[in-house]
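One structure below.
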Amino acid sequence: MSERALILLLSFIVTIGSVATNIYIPALPAVRDHFGATVGEVQATFSVALLTFAVGMLFWGPYADRYGRRRALFAGIGLTAAGSLVCAFAGSLGALIFGRAVLAFGTATAITVSRTIVSDLFSERMARALAQLAVVAVFASAAAPIVGGFLTSWLGWRSVFGALIATCAAVGWLAWKYLPETRPAAVTPPDVREMVRVARELLGKPLYLSCVLQSSSAYAMFVVFISLAPYVMVTALGRPATEYGLYYPFIAVGYVLGNWALGRWAGFGQQRLIRFGVGLQLLAAATALLFFALGLRQPLWIFAPMSVLYFGQGLFMPHLTAIAVNLAPPHATGVGASTLGFLNQLASAVCVQAMGVVGGDSAFPMLAFVAGAALFHLAVLRLSPSMER
């Protein structure tokens, strides 16, 4: 298989996680109405999924190091399909939360294994490979809330899980037929104690810890925004929840353009691109908050600055991931990837549930959180060791 074909295949594999998240988001208000629940209670279907996704990120990397990339991927896809089936027939909010937890644990294998395969094959140019990987995944992410919105409107919220089962079947077949095993045969995978030791050593490195804090704050902005935006659309802006999917491409296009610019501007160096992207992120977050303070309530005044914000994230997120994963020993890159992913998701789960308690009656808490997280990110970057690698 050619390099371009492999990157394309890995892009489709990565879509499992983003599709599972984004196809469900427009259904959140409908789930709340169906079960007569509060925003905070329904947010548990999102935050608990983030938590099990975090555990999955911690689990699947070492599993792939020990048993192989293909075996880890197929196990995860199977769990994703099983969890989706539970969700499709859930008779209570508790059952839906359980199903979402199972499928999220399964979807964690896609991003973890894909990152590990990229590290196996393209370690010297990992950031660019990850940016290429993200392009198809981001377009799938953009399409998913549109599809989810129409499915919810036409067939009800349960139908989104039927679509997710079909996605699992398609991706599983493609991976079975074309994905090679890339785990180095000559390298002995670490045992559990070795994995813990590697993770502890990585977290003791100031540069790795800086990457964790920066990527966690950036990812928390993303998940808090996408999980609360449907409620804001309905309650604060008086729009149908399904309209959220029509504005989500602002986010996707911004991130794709950031990934594209990353490749074009590679000559500027990692440090300068990361600084520029983080500065742009803060400027965009402050602009969105300012527009709200000026009384501008049309969704475009929120999503246009968010597009610029995610352009900035598209510039620096692949670099942060590549720097962090490449700090791990060659025999434990899966540990490096999964530790990073676990901490990103854990921080995001806490933020999503906390913001769910605040509610979605106004856009202000959501936008204030994004601006605060962007300011925190800039502060961490200023204190970070040099990120030029």
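The values are calculated or read from the model by the stated rules, or taken from the named source; none is laboratory data. All values reported here derive from a predicted model rather than from experimental measurement. Glycine gets a Cβ as well: all are built from the backbone with ideal geometry, and neighbour counts include every protein chain shown.
So here's what we get for this one:
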item	result
The range 54-83, residues that are farther than 30 Å from V212 by Cβ and crowded, with 18+ Cβ neighbours inside 10 Å	A81
Selected residue [surrounded by fewer than 20 Cβ atoms within 10 Å (Cβ to Cβ) and among the hydroxyl-bearing types (S, T, Y)] from T321, T287	T287
Qualifying residue in the range 208-231 (condition: without any contact (Cβ under 8 Å) to a residue 24 or more places away in the chain, of a type in the set (F, W, Y) and farther than 22 Å from T21 by Cα)	no
Residue tally, condition modelled with pLDDT under 95 and under 25 Å from H319 (Cα atoms), over the range 353-373	0
The listed residue being touching a Ser or Thr at 6+ places or on another chain (Cβ under 7 Å) and modelled with pLDDT of 95 or more, out of F376, F311	F376
Set L309, L228, L289, L213: member being of a type in the set (A, V, I, L, M) and over 21 Å from L50 (Cβ atoms)	L289
Considering residues of the range 261-271 that are in contact (Cβ under 8 Å) with a residue 12 or more places away in the chain and part of a helix (DSSP H, G or I) only, the residue farthest from A144 (Cα to Cα)	Q271
Positions within the range 34-53 being closer than 27 Å to L155 by Cβ, of a type in the set (A, V, I, L, M) and surrounded by fewer than 23 Cβ atoms within 10 Å (Cβ to Cβ), in sequence order	A37, V39, A44, V48
Only one of G94, G78, G61 that is in contact with a helix residue (DSSP H, G or I) (Cβ under 8 Å, 6 or more places away or on another chain) and over 26 Å from L202 (Cβ atoms)	G78
Residues located in the range 133-187, provided they are at pLDDT 90 or above, part of a loop (DSSP other than H, G, I, E, B), buried (at least 16 other Cβ atoms within 10 Å of the Cβ) and not charged (D, E, K, R)	W157
Within the range 272-386, helices (runs of 4 or more DSSP H) holding 1 or more residues that are free of Cβ contacts under 8 Å to residues at least 12 places away in the same chain and more than 18 Å from the chain's Cα centre (by Cα)	333-358, 364-383
Any chance R100 is assigned to a helix (DSSP H, G or I) and either surrounded by fewer than 23 Cβ atoms within 10 Å (Cβ to Cβ) or modelled with pLDDT of 90 or more (or both)	yes
Candidate set: the range 324-357, residues that are over 25 Å from V278 (Cβ atoms) and aliphatic (A, V, I, L, M); chosen: the one surrounded by the fewest Cβ atoms within 10 Å (Cβ to Cβ)	V357
Conditions (1) more than 30 Å from P206 (Cβ to Cβ); (2) touching a Ser or Thr at 6+ places or on another chain (Cβ under 9 Å); (3) among the small types (G, A, S); number of the one not met by A284	(1)
Every pair of residues 6+ apart whose Cβ atoms lie under 8 Å, when the first sits in the range 13-25 and is in a loop (DSSP other than H, G, I, E, B) while the second is basic (K, R) and buried (at least 24 other Cβ atoms within 10 Å of the Cβ)	Y24/R100
